[in-house]
Amino acid sequence: MTAAIDTLVRNLSVRDRTVRGAAQDALIALGPQGIDQLLPYTLDGEPSSRRRAVRSVIERMGDEALPRLREIRREGPGRLRSSALAILVDLGGVDALDEIDRRAVERLIRIKILDERPVEVPMEAGRWLAFPADRLDDAVAALGLHDLRPITTVMGVAAATKATDSLEFQDSQGKTHRAYRIFITPEFENSYAEGQFRNWRMLWGNSFLDELDGFRLARELSERCGEAHFYILDPYNSAENWYVARDGRTVRSYGTYDYPQFAGEPLPFEAWYMENADEDEAEEYAEGVPDACKAADNLSVEPGPQLAEDTHGHGWLATTHPDIPNCRFKGALPV
């Protein structure tokens with residue numbers, strides 16, 4: 001049987017789709033009793049393509065695989081426990097874990113949070129909101145957030161920008177809703193920020209910001225927090241946006257493909273660039289500052305690595321619906 005499984009596993013990587021598909025079907029048909037023989041192929045040391053293919057086979061077994069994976073977590077073999085944990089979370093989220101494993105994950109997060117310095121948020125591409133750090137409670141209320149959980153920045157960024165960050169579900173009346181998972185960063189200090197606020201938090205969540213309109217969310221945030229910003233870095237389309245709202249009103253915005261590109265009066269930091277631009281920069285800064293990161297650096301906080309001494313507290317993971325806690329979202333996350 002072991003030799004037959006080994007042959008099937010190797011066939012998962014062949015070029016012939018028919019052979020590859022037949023191998024997948026045969027391995028899935030083994031069901032939970034085949035998990036012990038398949039898990040070793042997911043360990044470090046195996047080719048990455050093989051690890052991914054075998055994990056996919058186990059995950060396609062669905063809920064039937066959960067009991068055996070939990071047994072391996074409890075009873076071993078020890079070398080298979082970490083792989084079993086990762087696949088459990090991919091299959092069913094934290095909900096799929098035993099209580100002991102849940103407590104262990106929470107304890108690990110608490111430990112990691114204590115010395116997670118410096119932290120880093122995406123700087124090459126993405127979209128995020130920014131709001132005054134001391135208005136966290138107001139931001140939570142304004143956006144209707146639930147199940148706030150302390151989280152590391154590495155874990156939060158992955159949850160909100162790489163893993164599954166939206167979930168469709170039905171309520172007790174059969175009505176369909178969509179819940180989102182978002183990440184709020186630790187507090188970042190920027191002593192050079194323009195205006196009355198020096199400490200800021202970012203909010204990341206690709207689906208949340210895309211589907212619910214980050215510009216509208218910034219306006220709503222500013223009603224409760226006094227001020228809020230929305231930034232977009234889109235290198236694929238060679239586009240950038242930055243948007244400032246105060247007390248529920250648009251103050252200033254820029255968009256590469258907006259017409260006109262600028263709206264509102266130039267802010268003080270822009271006036272400096274406009275007045276001090278040299279000959280090569282005069283056209284770029286003729287109407288204001290078109291660079292979203294430069295705007296963020298002057299108004300709130302620029303993405304990328306954050307200095308340890310300017311980082312305070314920890315981040316939070318949250319969802320947008322009271323019936324969908326964080327544990328309902330599937331997928332293993334780095335800690």
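Do we find a residue being over 27 Å from GLU194 (Cβ atoms), surrounded by fewer than 18 Cβ atoms within 10 Å (Cβ to Cβ) and not aromatic (Phe, Trp, Tyr) anywhere in the stretch 126-146?
So far as the stretch 126-146 goes, yes, one or more of its residues are over 27 Å from GLU194 (Cβ atoms), surrounded by fewer than 18 Cβ atoms within 10 Å (Cβ to Cβ) and not aromatic (Phe, Trp, Tyr).
Does the stretch 130-155 hold any residues that are closer than 19 Å to ALA179 by Cα, outside any helix (DSSP H, G or I) and small (Gly, Ala, Ser), and which are they?
Result: GLY144, single match.
Against the condition outside any strand (DSSP E or B) and in contact with a Phe, Trp or Tyr (Cβ under 7 Å, 6 or more places away or on another chain), how does ALA84 come out, does it pass?
no
Yes or no: the stretch 149-169 includes at least one residue that is under 18 Å from GLN306 (Cα atoms), aromatic (Phe, Trp, Tyr) and more than 14 Å from the chain's Cα centre (by Cα).
no
Can you give me the ranges of the helices (runs of 4 or more DSSP H) entirely in the stretch 1-42 with at least 3 residues that are in contact (Cβ under 8 Å) with a residue 24 or more places away in the chain and of a type in the set (Phe, Trp, Tyr)?
Those helices (runs of 4 or more DSSP H) do not exist here; none qualify.
Pick from the stretch 179-195 the residues that are in contact with a strand residue (DSSP E or B) (Cβ under 9 Å, 6 or more places away or on another chain) and part of a loop (DSSP other than H, G, I, E, B): which of them is farthest from PRO118 (Cα to Cα)?
That would be GLY195.
Any residue in the stretch 196-217 that is exposed (fewer than 14 other Cβ atoms within 10 Å of the Cβ), under 24 Å from ALA142 (Cα atoms) and touching an Asp or Glu at 6+ places or on another chain (Cβ under 9 Å)?
Yes, there is a match, as at least one residue in the stretch 196-217 is exposed (fewer than 14 other Cβ atoms within 10 Å of the Cβ), under 24 Å from ALA142 (Cα atoms) and touching an Asp or Glu at 6+ places or on another chain (Cβ under 9 Å).
Can you tell which of GLU223, GLU270, GLU240 is over 20 Å from THR161 (Cβ atoms) and either part of a strand (DSSP E or B) or under 26 Å from the mean Cα position of the chain (by Cα) (or both)?
GLU223
Taking into account only those residues within the stretch 196-218 that are part of a loop (DSSP other than H, G, I, E, B) and in contact with a strand residue (DSSP E or B) (Cβ under 7 Å, 6 or more places away or on another chain), which is modelled with the highest pLDDT?
This residue is GLY205.
Among the residues of the stretch 276-298, what is the count of those that are out of contact with any strand residue (DSSP E or B) (no Cβ under 6 Å at 6 or more places or on another chain) and touching a residue at least 60 places away in the same chain (Cβ under 8 Å)?
Adding up the residues that qualify gives 3.
Given the criterion touching a residue at least 12 places away in the same chain (Cβ under 8 Å), more than 19 Å from ASP291 (Cα to Cα), in the same structural domain as ALA292 (by TED's automatic domain parsing) and out of contact with any Phe, Trp or Tyr (no Cβ under 6 Å at 6 or more places or on another chain), identify the matching residue among ARG198, ARG224.
Result of the check over ARG198, ARG224: ARG224.
Being assigned to a helix (DSSP H, G or I), hydrophobic (A, V, I, L, M, F, W, C), free of Cβ contacts under 8 Å to residues at least 60 places away in the same chain and within 20 Å of ARG328 (Cα to Cα) is the requirement here; does LEU66 meet it?
Yes; evaluated as a whole, the condition is true for this residue.
The values are calculated or read from the model by the stated rules, or taken from the named source; none is laboratory data. Everything numeric in this text was worked out from a predicted model, so none of it was measured. Don't worry about glycine lacking a Cβ; one is built from the backbone with ideal geometry, like all the others, and counts go over all protein chains shown.
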